[in-house]
Amino acid sequence: MKKFLRINLFLATVCILAMAAFTACEGPAGVPGEDGQAGVDANETCKKCHNSTSGMVAKSKQLNHSLHASGEAWLEGTRNSCAPCHSNEGFLDVIAKKPAKNKYNASAAALTDPTSFSCRTCHKIHTAYDSTDYAFTTTAPIDMLIDTTKTLTLDFGTGSSSNLCAKCHQPRIVKQMDFNGAPTTAYTAITSYRWGTHYGTQGAIAGGKGAMEFTGAETYANSAHKAGATCASCHGAAASGISGGHTFSVVNEETGAINTNGCVKCHTTGTSALTTKINNTKTEIDNLLNQLGAKLDAFLEKEDGAYTGYIDLYDASANSNARYKNPNSGNVALPTVDNRTAAALVNFMLVFRDKSHGIHNYPYTRALLKNSIAALP
Ligand code: HEC
Ligand code: HEC
Ligand code: HEC
Ligand code: HEC
Ligand code: HEC
Ligand code: HEC
């Protein structure tokens, strides 16, 4: 009896919460709603998802272990230019309002009490109150932010969930982008330590779009992954330890191993062949990235001998021992940068911050790096 009462209380509460969306909220039978329409049967609506076997609980627990839910990026959700990719509210706001990409800001209303990513960020939870609510909040092709001077469409295919991921996991605007001028003309816009692309460049690399493609000996082609696999095929494969599922992490946090449950659906020649392929790809791309880094070494910041992806300009809080513009050590100027060097710096950052070491899109990444290396003196 007590249990029964609790269930009724639960339904009463959710009735109030869900009032706008459905007409009546009784038990299974359903009674006519206020407006005279037939009532909605909870078994047909809420219980499609709110039951113990729908996978909702598992997805929820997994998401809690994802940086999407546990990270701190959403704390930037109070800033209008960061919120579009850093908070649930900011993301839903730009999907609804479609701001122009040179003013890609979330509205003021989305900046109060921002929250970290949840089911609602990616699925239309509690819209129709039935199983269609697992539809994605967006899968539209993306007009990439990296260049505000032209339309640059990134598209993984109609309805592809990769477009959802890449709406956030794309590089941001490179200030005063004009690398189409003469290669050796000076490029003067590098004035900050954080100049260049933003962090989540995966969409650009996986989709083979948005980089500064130098013409050269290598042709630009995409990996079979672009058309055949979604981000979730690899990142959301069957869980293994704390990886896969809705953790969206392809790397097992504890062991550092790649979760290959998604890979083996296509790579059917056995684990050892796949491991060799992974290692060869990573080694080759890491070597090429370091070769490009060596050519750009005069500009790039390093920490303990490793590139950080930033320009080695003075920044009081983030780079106080910088080589250039450091008021504490003679205010040495940054060496002159020309258009082609600036473009190569962008390419370096795109691959560096992609963090897949070539696995997202090996042929494209390889061509980008090789042609960039060849284009520099
Ligand atoms: C498409 C699946 C789906 C359907 C259908 C659905 N829900 Fe939900 N509901 C969810 C998800 C997902 C959450 C969030 C769970 C989480 O954050 O872990 C949720 C959360 C809730 C919550 C907690 C408060 C909140 O809003 O986060 C209540 C209450 C609730 N749902 C009631 C209902 C009622 C009542 C119905 C039917 C009228 C319903 N739901 C239909 C998926 C669904
Ligand atoms: C609304 C924006 C947004 C969407 C949509 C989104 N992400 Fe993210 N993602 C982020 C942000 C921001 C972070 C960093 C979170 C933090 O550190 O607090 C992140 C982190 C990650 C990480 C962890 C990165 C690391 O360095 O360990 C992975 C993996 C990831 N996302 C994959 C995906 C996949 C796959 C999808 C699509 C299914 C997706 N993301 C959709 C914004 C988004
Ligand atoms: C176009 C979407 C987008 C916008 C706009 C955006 N970010 Fe991000 N940001 C991301 C994604 C995606 C990640 C996670 C990348 C990853 O883990 O590879 C991220 C990661 C970060 C990180 C963590 C970096 C790290 O490696 O730990 C910081 C800090 C950050 N963003 C700050 C900001 C700030 C500040 C703004 C606004 C001035 C901003 N971002 C605007 C998409 C965006
Ligand atoms: C970062 C985006 C993202 C977030 C956050 C997210 N999902 Fe998903 N979800 C996806 C993607 C992408 C797929 C499709 C996976 C695939 O194609 O294998 C999916 C698939 C699902 C499915 C299977 C879909 C179906 O039609 O049967 C369920 C159930 C689900 N998610 C529930 C949830 C719940 C519950 C939450 C919150 C705890 C959540 N998701 C949060 C992106 C997300
Ligand atoms: C073919 C499989 C595959 C596809 C498709 C794929 N990824 Fe990855 N991704 C990987 C692997 C493998 C790594 C890690 C490589 C390593 O660290 O050894 C990775 C690394 C990452 C990282 C760095 C954080 C981490 O977990 O190491 C992010 C973020 C990410 N991918 C996001 C995406 C997004 C967004 C998409 C879609 C636009 C995508 N990935 C498509 C396999 C894939
Ligand atoms: C949709 C099918 C599919 C999935 C899923 C998939 N791959 Fe692939 N992958 C291919 C195909 C096809 C090729 C090109 C032929 C080849 O080299 O085997 C390829 C190539 C590769 C290569 C060689 C470099 C290249 O791109 O040509 C590596 C490394 C690789 N995949 C790793 C992975 C890893 C790791 C995963 C899972 C995290 C994965 N793949 C998931 C189909 C897939």
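The values are calculated or read from the model by the stated rules, or taken from the named source; none is laboratory data. Values in this document were obtained by computation on a predicted structure and should not be read as measured data. Don't worry about glycine lacking a Cβ; one is built from the backbone with ideal geometry, like all the others, and counts go over all protein chains shown. When the accessible area is computed, the model is the full protein with side chains, heavy atoms only, and any ligands, DNA or RNA have been set aside. Shrake-Rupley method; radii C 1.70, N 1.55, O 1.52, S 1.80 Å.
Data overview
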| item | result |
| --- | --- |
| Selected residue [within 11 Å of ligand 1 (Cβ to nearest atom), part of a loop (DSSP other than H, G, I, E, B) and either open to solvent by 80 Å² or more (accessible area, probe 1.4 Å) or at pLDDT below 95 (or both)] from 29, 42 | 42 |
| Where residue 349 falls short, out of the listed (1) away from ligand 2 (no atom under 16 Å from the Cβ); (2) open to solvent by less than 70 Å² (accessible area, probe 1.4 Å) | (1) |
| Considering residues of the range 352-370 that are open to solvent by 10 Å² or more (accessible area, probe 1.4 Å) and closer than 16 Å to residue 172 by Cβ only, the residue farthest from ligand 4 (Cβ to nearest atom) | 352 |
| Restricting the range 133-175 to residues that are modelled with pLDDT under 95 and of a type in the set (S, T, N, Q), the residue that is least open to solvent (accessible area, probe 1.4 Å) | 148 |
| Selected residue (only one of 73, 110, 106 is within 15 Å of the chain's Cα centre (by Cα) and surrounded by 14 or more Cβ atoms within 10 Å (Cβ to Cβ)) | 73 |
| Criterion: of a type in the set (Gly, Ala, Ser) and under 18 Å from residue 93 (Cβ atoms) - qualifying residue of 160, 192, 118 | 118 |
| Helices (runs of 4 or more DSSP H) enclosed by the range 202-302 - at least 3 residues per element that are within 16 Å of ligand 4 (Cβ to nearest atom), out of contact with any Cys (no Cβ under 6 Å at 6 or more places or on another chain) and touching a residue at least 12 places away in the same chain (Cβ under 8 Å) | 202-207, 224-228, 231-235 |
| Test result for residue 230, within 28 Å of residue 155 (Cβ to Cβ), at pLDDT 95 or above and more than 21 Å from the chain's Cα centre (by Cα) | no |
| Filter result (open to solvent by 60 Å² or more (accessible area, probe 1.4 Å), modelled with pLDDT of 95 or more and among the polar types (S, T, N, Q)) within the range 76-103 | 78, 80 |
| Residue in the range 186-221 that is nearest to ligand 5 (Cβ to nearest atom), counting only those that are of a type in the set (S, T, N, Q), surrounded by fewer than 16 Cβ atoms within 10 Å (Cβ to Cβ) and under 20 Å from residue 322 (Cα atoms) | 192 |
| Some residue of the range 339-346 being out of contact with any strand residue (DSSP E or B) (no Cβ under 9 Å at 6 or more places or on another chain) and open to solvent by 10 Å² or more (accessible area, probe 1.4 Å) | yes |
| Test: residue in the range 64-85 that is assigned to a loop (DSSP other than H, G, I, E, B), touching a Gly at 6+ places or on another chain (Cβ under 6 Å) and over 18 Å from residue 142 (Cβ atoms) | no |
| Residue within the range 354-362 that is in a helix (DSSP H, G or I) and at pLDDT 95 or above present | yes |
| Failed criterion for residue 90 (all others in (1) free of Cβ contacts under 8 Å to residues at least 40 places away in the same chain; (2) outside any helix (DSSP H, G or I) hold) | (2) |
| Search result, residues across the range 129-150 that are more than 20 Å from the chain's Cα centre (by Cα) and of a type in the set (Ser, Thr, Tyr) | 129, 131, 132, 149 |
| Hits in the range 237-264 - residues which are within 16 Å of residue 161 (Cβ to Cβ), open to solvent by 30 Å² or more (accessible area, probe 1.4 Å) and away from ligand 3 (no atom under 16 Å from the Cβ) | 246 |
| Subset tally (residues that are under 27 Å from residue 130 (Cα atoms) and free of Cβ contacts under 8 Å to residues at least 40 places away in the same chain) for the range 57-83 | 3 |
